[in-house]
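Notes follow the structure.
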Amino acid sequence: MVLIKIESLSQKELEHIAIQEGVQDVSSLSRDELIETLKDIYEDERDDIYEGGEDNVQRRFVTWLTDYRGEASEVTSLPGVEELPELYPETSIHVLTKSATWLFCYWSIAPLDIERLTQELGAYDILLHVVVSEDGQEVDSYDINVGSSDYQWNINVSSTHGSAKVDLVVENAQGRREVLASSESVQLVSCYWLEHQQEISASTDLLERELTLLTNREGTVLPCETVEAIVRTIEQEEAV
């Protein structure tokens, strides 16, 4: 099942789904008319399926999400949607900046490389070699062991200045290493509050305002290195 936020779809996508749902003369309907028509279809069907409290829960989402019930071939026939291959022919690694202290990394190893590495190295470990640089000089580097079935990883970086890149590396029991692929360098994001902990810890209003952006619906503060550093600063000041 593919979940679709109906308001974000284009005219062509709405027309395609409407045809799959049996709507007549879709080309004569405006975008707003298509949205309302599809909402009515799914709302009527949920009224038939759900009762009582469960119906109320489902109804909360009916104006935002629609269940597209087509076969896989029909889903990939949506405008702009392509079927992803099961395996990629090239070994590659890519890095994205998530926040001031976290990167997101994903990679793939081509089947031919896996076959070659098994013949040449035997058993081997897969490593992510992280390199942090500032003004063209390496300031930090370290390895992260990942599993053979892993294909993505969140990477914590201690610096908020300069840039970072990640190498996809294999190493066998004898210490022989090979770099399979290297990511492009990404610019690290500078975080003001990481460098001004005293300022935010001294202002209750400022602290509360910033914390509201880092809490869930229950009011629990989400794991965040910046917040943890500020809390440690406050605790140290109170202990004096």
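Stretching the chain fully between I234 and A110 yields a gain of 39.7 nm (0.36 nm per residue, less the alpha carbon separation).
Please state the shape class of segment 92-163: rounded when a/c is under 1.5, otherwise prolate if a/b exceeds b/c and oblate if not, all from the C-alpha gyration tensor.
Working: a/c = 2.65, a/b = 2.01, b/c = 1.32.
In terms of gyration-tensor shape, prolate.
Sequentially through segment 115-131, phi angles give Karplus couplings (6.51, -1.76, 1.60; θ = phi - 60°) of 5, 5, 5, 5, 6, 8, 10, x, 6, 8, 9, 9, 10, 9, 9, 9, 10 Hz, Gly and Pro residues having no value and appearing as x. Computed from the Kirkwood radius of its Cα pairs, the Stokes-Einstein diffusion coefficient for segment 109-202 at 37 °C and 0.692 mPa s stands at 214 µm²/s. Listed peptides 31-41, 114-124 appear in the order 31-41, 114-124 once ranked by packing, highest mean of other Cβ atoms within 10 Å at the front.
All of the numbers you see were taken from the coordinates with simple rules; none came from a lab. On a predicted model such as this, the values are computed, not experimentally measured, just so you know. Backbone-built Cβ (ideal geometry, glycine too); neighbour counts: all protein chains shown.
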